[in-house]
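One structure is given here, and the rest of the page talks about it.
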Amino acid sequence: GVLRGSATYLDIFVSFRIHEEGKDSIPEHPYLYETDVEICLVGGSCKSPTETFWNGSSAVYILQKATHSEESDSMEESNTDDAVYASELLPKETPGPLALSVQRAKQLISLYTMVQNPNVTHVEISDLAVLPPLWIRCDGSDPEHTCWIGAEPLRAGNKTTGINIYLVSCDGPTADKTCFANLEELKMEHKIRHHSSTVTTKGFAQYELIRAAAVEDTIAESGSNIYVDITWNNVDKILETPPLIAAATLNIALESGDPRSPVFQLHRELQFLLALAEGLKTGVTEWPEPLESESAVELVQEFLTDLKKKLDGDCVSGNKNETEKIKCDTAAVDNCIKSIFSERGDLDFAEQLWCKMKSKCVSSYQELIDCFTLIIKSLERGEIQPWIHQGSSSFLSKLIQQSYHGKMEVVSLSGITPIQMLLEIGLDKIKKDYISFFIGKSRSSLLFQDYFISTSVDLQEQVHRVQKLHHVLEIMVSCTVLLQFRHENLFPLTQICMKYYKENPLNEKHVFQLPIRPVLVKKFCQNDNPEIWKVEISSGHGQKEVKTTWQVSTNPPVEHVTSNNSGLFSDSTVNGSSEERLYFITMTKSSQVHFT
């Protein structure tokens with residue numbers, strides 16, 4: 001019969017009961033059923049392998065072929081010779097997930113269905129909670145190339161009234177669009193299979209707007225990605241361009257530090273701050289190699305000499321050319337971003353000093369001490385009376401304020417003091433840079449700004465918050481350059497990012513989402529082929545709703561089945577065009593089993 005060997009309904013229930021044993025935690029290791037099946041419970045923050053073709057419960061059972069270790073027997077007599085290849089000593093690659101035969105998967109689906117059927121009275125299951133959905137990896141060996149079979153309980157309160165059965169098949173990749181399905185034929189097939197007189201259609205398309213290229217000579221790839229998900233009703237044809245009345249969501253996952261970013265120099269400035277902060281914690285500071293022909297001491301001496309000459313002139317030191325040089329050095333923005341990240345023209349003495357001493361110049365702890373020694377002596381002698389911003393919180397700013405009254409406290413430039421002084425003036429300066437952008441350009445609420453610029457927390461936390469602020473800045477700049485975002489889009493996006501970062505630690509893998517009007521990404525949808533395009537055909541209502549989904553995607557939707565036409569990956573084209581994209585075709589069909 002359906003049950004294998006001595007297996008009983010209760011055996012199956014015990015296997016699936018792993019979910020009930022720890023409702024608040026996901027088991028770390030697979031549960032072995034019989035000798036050939038692994039049962040994994042996937043949920044929480046874990047990425048589900050079915051998410052590319054199924055949107056459902058947050059927790060699912062994944063069943064796959066059990067992996068068995070067969071290497072131990074061959075390792076017994078390997079010590080008789082010293083000539084052992086190094087490769088034999090290296091750990092073997094962990095195999096990917098393995099698939100079961102379609103026949104075995106159907107048996108397991110039947111067992112899962114029976115376990116939850118309240119009409120099977122000789123099994124004590126009256127107190128069972130509804131189990132999570134179950135998905136089984138299949139090897140695609142049948143004529144339909146079935147790669148997944150799934151089962152999802154139909155619920156009425158705490159009871160199971162039936163099961164949704166899903167069959168997922170996959171073909172490709174192929175660049176030949178003539179083998180794509182015809183929408184009218186798909187609709188007719190659905191009507192016949194489900195005895196439906198009418199069907200509705202819903203479209204989905206995903207367009208990738210920007211993705212960082214793989215790092216040269218490495219396999220590693222940046223996690224930066226900006227893409228848009230678009231949904232609409234009433235699909236007319238396969239691969240149609242989404243209408244402008246569709247609903248669109250922008251998804252942004254951005255890693256800071258891309259050398260191509262217009263604010264890359266600001267990122268480098270932040271990295272120097274982070275190095276200083278790390279030095280305070282560990283007592284060891286990694287100083288960069290000097291990139292200037294002049295030393296930091298020479299640059300600071302020239303700066304102080306210029307201030308002495310200007311003492312009886314304008315209180316803001318420096319001539320116009322020098323000020324322009326500092327401003328450009330500070331912002332380091334290219335032409336395309338100048339209108340976005342405005343260069344501040346109000347740099348005070350401490351901020352200009354930071355520009356002289358930051359990573360391009362200061363290359364040792366002793367050099368840092370020498371720089372601050374020059375400055376403190378000039379202040380003590382009254383040779384300079386520099387201007388600083390009101391409210392500056394750095395120790396150097398306090399010394400400057402004391403110098404106005406001709407009395408300064410004694411400073412011991414030893415230990416971590418010089419590093420802390422440099423870190424403080426850098427923090428002051430970079431905070432003002434970012435706030436100038438967020439208030440001036442995106443007009444962000446001070447409700448969140450206070451959190452990011454607060455001086456009531458220790459220096460390490462201040463640096464961490466500025467790091468968050470920089471990540472938000474990178475997101476804003478990318479959207480402004482790529483999508484020409486204006487205030488009506490920048491403002492809500494800034495609020496979303498800042499709200500997240502007020503409540504969470506830095507996470508550059510987090511995907512920020514913003515509802516937008518499709519017209520903003522119109523050029524991408526019209527000029528580019530989608531990464532994913534699918535149509536969902538449905539009939540029935542409520543729990544009796546059944547669906548057929550046809551989808552194409554540039555990435556394989558299944559990790560456990562090799563492609564049917566793997567040769568198409570190597571420069572295969574259609575009609576001689578090198579721009580044709582390779583697509584995987586995925587079909588998902590659903591049916592229902594009712595218990596009552």
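The values are calculated or read from the model by the stated rules, or taken from the named source; none is laboratory data. Given the structure is predicted, the values throughout are model-derived calculations rather than measurements. Neighbour counts are summed over all protein chains in view; Cβ atoms, including those assigned to glycine, are modelled from backbone coordinates with ideal geometry. The protein model used for the area step is the full one, side chains on, heavy atoms only, and it has no ligands, DNA or RNA in it. Shrake-Rupley method; radii C 1.70, N 1.55, O 1.52, S 1.80 Å.
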Out of region 466-489, which residues are under 21 Å from L270 (Cβ atoms) and open to solvent by 10 Å² or more (accessible area, probe 1.4 Å)? Q467, S478, T480, V481
Quick one: would you say E474 is modelled with pLDDT under 95 and in the same structural domain as I192 (by the TED database)? no
Test: E185 is in contact (Cβ under 8 Å) with a residue 12 or more places away in the chain and not in a loop (DSSP other than H, G, I, E, B): no
Scan K522, K429, K502 and give me the residue that is open to solvent by 20 Å² or more (accessible area, probe 1.4 Å) and in contact (Cβ under 8 Å) with a residue 60 or more places away in the chain. K522
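Quick one: how many residues across region 258-286 are in a loop (DSSP other than H, G, I, E, B) and surrounded by 17 or more Cβ atoms within 10 Å (Cβ to Cβ)? Explain how you work it out, then say what you get.
Of the residues in region 258-286, the ones in a loop (DSSP other than H, G, I, E, B) are 258-263, 283-286.
After this cut, where a residue has to be surrounded by 17 or more Cβ atoms within 10 Å (Cβ to Cβ) as well, the list is 258, 261-263, 285.
Count: 5.
Select, from L299, L254, the only residue that is surrounded by 15 or more Cβ atoms within 10 Å (Cβ to Cβ) and within 30 Å of the chain's Cα centre (by Cα). Give the derivation first.
Details: L299 fails: within 30 Å of the chain's Cα centre (by Cα).
Matching residue, one of L299, L254: L254.
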With the structure loaded, tell me whether I435 is out of contact with any His (no Cβ under 9 Å at 6 or more places or on another chain), outside any loop (DSSP other than H, G, I, E, B) and at pLDDT 90 or above or whether it fails that test. no
Count, please, the residues in region 81-117 that happen to be part of a loop (DSSP other than H, G, I, E, B) and at pLDDT below 80. 12
Can you find a residue in region 381-394 that is open to solvent by less than 10 Å² (accessible area, probe 1.4 Å) and under 19 Å from L311 (Cα atoms)? yes
